[in-house]
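Encoded as structure tokens, the structure appears first; notes follow it.
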Amino acid sequence: MGFRSSSLSGGEHYKGRHRFEHWYRDNTVYFITARCRGRFPAFADEGCKQIFWVKFDEYAAAHGFVPWITSLLDNHYHTIGYLKAGENLGPMMRKLHGSVAKLVNDRLPHRLTPFWYDTGKQGYFDGCLRDETQGDRTYRYVQRQSVRHGLATDWRAYPHTRVNVDKDRAIARANHLNAWMRNVRYKRYDA
């Protein structure tokens, strides 16, 4: 099973805080999220949302990412899915974010540059899910984004929350593939 990590800084800690890093791990369920710089509502326009979906579907398929559920809001998105080859995460995200930033910026009245970075050059956050409990909680979190942000009273009424794989089926498949990262502690579980 392949695994490596990358970070913009060399040490484990930066300014007293644990540094951010991307993990590239084979056969893993990932949670991925990104926000537009300054929380700018770049996806408020329906056409911009369609650009995101076309590119998301294109690059997810090209890099073997099987999305379970994805929710796109006006200034950010969340997705959970399975990735067989961890090395595909970086190229998928570079292509997705680069193409979406270019095409959406072409529609905006003024360019948003950088488009995705919010703090410290972190273009996106990815996390490898540890187990069924974290998978269930994260799935429900993504599912309820539109309600949480006041865009719908029922997540099913929001057209930009897309379910590709039912939660129970997805979790059962991840169990079958042993796709959880069970051997790494998750701080929130320690409380």
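The values are calculated or read from the model by the stated rules, or taken from the named source; none is laboratory data. Remember, it's a predicted structure, so these values are computed and weren't measured experimentally. Note that we place each Cβ from the backbone using ideal geometry, even for glycine, and neighbour counts take in every protein chain shown. Protein only, heavy atoms only, side chains kept; ligands, DNA and RNA dropped before computing areas. Shrake-Rupley method; radii C 1.70, N 1.55, O 1.52, S 1.80 Å.
Values as computed for the structure displayed
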read-out	value
Trypsin sites (Lys or Arg not before Pro) restricted to region 51-129 and DSSP loop, no more than 16 other C-beta within 10 Å	Lys84, Arg107, Arg111, Lys121
In Hz, Karplus ³J(HN,Hα) per residue of region 150-158 (6.51, -1.76, 1.60; θ = phi - 60°; x = Gly, Pro)	x, 8, 7, 8, 9, 4, 5, 7, 8
Label zone at Gln50, where the point sits 7 Å out along the Cα-to-Cβ direction: region 139-167 residues whose backbone N lies under 19 Å	158-162
Within the accessible area of region 41-89 (1.4 Å probe), percent carbon and sulfur	58 percent
Whole-Hz couplings from phi, Karplus 6.51/-1.76/1.60, listed for region 43-60; x for Gly and Pro	9, 5, 7, 4, x, 5, 5, 5, 4, 4, 5, 4, 6, 4, 4, 4, 7, 4
Asn164-Leu151 pseudo-label distance in nm [points 7 Å out on the Cα-to-Cβ vector]	1.8 nm
Charged-residue dipole, Cβ positions (Lys, Arg, Asp, Glu), region 34-191 about Cα centre, Debye nearest 20	340 debye
